[in-house]
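Below you'll find the structure, written out as structure tokens, and then a few comments.
The values are calculated or read from the model by the stated rules, or taken from the named source; none is laboratory data. All values derive from a computational prediction rather than experimental measurement. Every residue, glycine as well, gets a Cβ built from its backbone with ideal geometry; the counts of neighbours run over all protein chains shown.
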Amino acid sequence: MIDDFLLRALIAGIIIAVAAAPLGCLVVWRRMAYFGDATGHAALLGIALAMSFSMPLMLGVIVITTAMALTVTFATRHGTYAADTILGVFSHSALAIGLVAAAVLPGVRLNLMDTLLGNILTVSNSEILMMAAGAAGILLVIAFFWRPLLNATLSPELLVAEGGSILRDRLVFTLTLAFFVAISMKLVGILLITAMLILPAAAAAAISRSPERMVVFTAIIGIMSVTGGIWLSWQADIQAGPAIIVTASFLFVLLNLFRRK
């Protein structure tokens, strides 16, 4: 097994970056960054409930984020409010409820800094194995449904014409996104999960000419962000999560300047 904590952090970060690549591209194409926020913020409530009932943290997060994803999906489909309004209500309400639950539920001893901003440098071997299994599951689901997901992104009418289901497409996308939140919260925390999804994908969009190429470039940029962020965290003695996002932001600016030039 792996002894060096920096190496464990790097391996875990690469796993998450690869899993985030296709999901991040779909989030950017569909303009659903706010949905990622709503799902990520719900993870705090899942952590609090899991600790209160002595459950595995990842299981609690999966249950709550899945419930949030399903609720938001059906609310935006059948609700009387605009989608951004519903997402805003659910996103901030979930975060506030999670903070209250962490304060009042018995048996909850929560390090808010690590929960909100992540602490990948403390990842264990068993957590790496769980991340790898979760990432493999996400990639398999995305690969199997890639064509319908892409068709629904380009044109829902095209998806229906080919015999697909818009509801099934939304469920596949939202549930895989909820599962991604559960396995990646250790990397950048629940506040920065959406940034980990959209920044590498947005940076890759500047140099990509096809959907599949954009996914590959997103994975590469994500890996570079993780590597640079962990190095910056070690050198400057700062939280690894924000350092990873700062590195991704720098790459986003750099690639867009390169495109303009």
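Odds and ends about this structure:
- The residue that is surrounded by the fewest Cβ atoms within 10 Å (Cβ to Cβ), counting only those in the range 22-37 that are modelled with pLDDT under 80 and within 11 Å of the chain's Cα centre (by Cα), is A33.
- The range 123-172 - residue that is in a helix (DSSP H, G or I) and of a type in the set (D, E, K, R) and, of those, modelled with the lowest pLDDT: E157
- Condition check for L110 on (1) surrounded by fewer than 20 Cβ atoms within 10 Å (Cβ to Cβ); (2) touching a Leu at 6+ places or on another chain (Cβ under 9 Å); (3) part of a helix (DSSP H, G or I); (4) touching a residue at least 24 places away in the same chain (Cβ under 8 Å): one failure, at (3).
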